[in-house]
1. Given the criterion exposed (fewer than 10 other Cβ atoms within 10 Å of the Cβ) and either without any contact (Cβ under 8 Å) to a residue 60 or more places away in the chain or out of contact with any Lys or Arg (no Cβ under 6 Å at 6 or more places or on another chain) (or both), identify the matching residue among Ala6, Ala31.
2. Does Gly29 satisfy being small (Gly, Ala, Ser) and at positive phi?
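Throughout, read-outs are computed from the coordinates displayed, never taken from laboratory work. As the structure is a prediction and not an experimental result, all values here were calculated from the model. Every residue, glycine among them, receives a Cβ derived from its backbone with ideal geometry; neighbour counts consider all protein chains shown.
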Amino acid sequence: MEPVVADGLCAYAAKTRASADQFAAVLEGIAANGLSSVEDCTPWEELREAHLARLAAQRPAVA
């Protein structure tokens, strides 16, 4: 295997492992503390709009 390919695979594995660790931490938090009340949560529409705004700021539209 080419070193560049091996480096790419290792980087992908590290990113996947970090995502899995973050997900596991969320599940452990839910198991320990239960789910948050609806009043304490941010509606998904607000989260979506904020994420889309971040993406748009990273890659502005071509005029």
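1. On the way: Ala6 fails: exposed (fewer than 10 other Cβ atoms within 10 Å of the Cβ).
On inspection, the qualifying residue turns out to be Ala31.
2. Numbers: small (Gly, Ala, Ser): yes; at positive phi: no.
Criteria not met by Gly29.
Listed here are the residues, each with its yes/no results for (1) of a type in the set (D, E, K, R); (2) assigned to a loop (DSSP other than H, G, I, E, B).
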residue: Ala18; (1), (2): no, no
residue: Val26; (1), (2): no, no
residue: Ala31; (1), (2): no, no
residue: Glu39; (1), (2): yes, no
residue: Thr42; (1), (2): no, yes
residue: Glu45; (1), (2): yes, no
residue: Arg48; (1), (2): yes, no
residue: Ala53; (1), (2): no, no
residue: Ala57; (1), (2): no, no
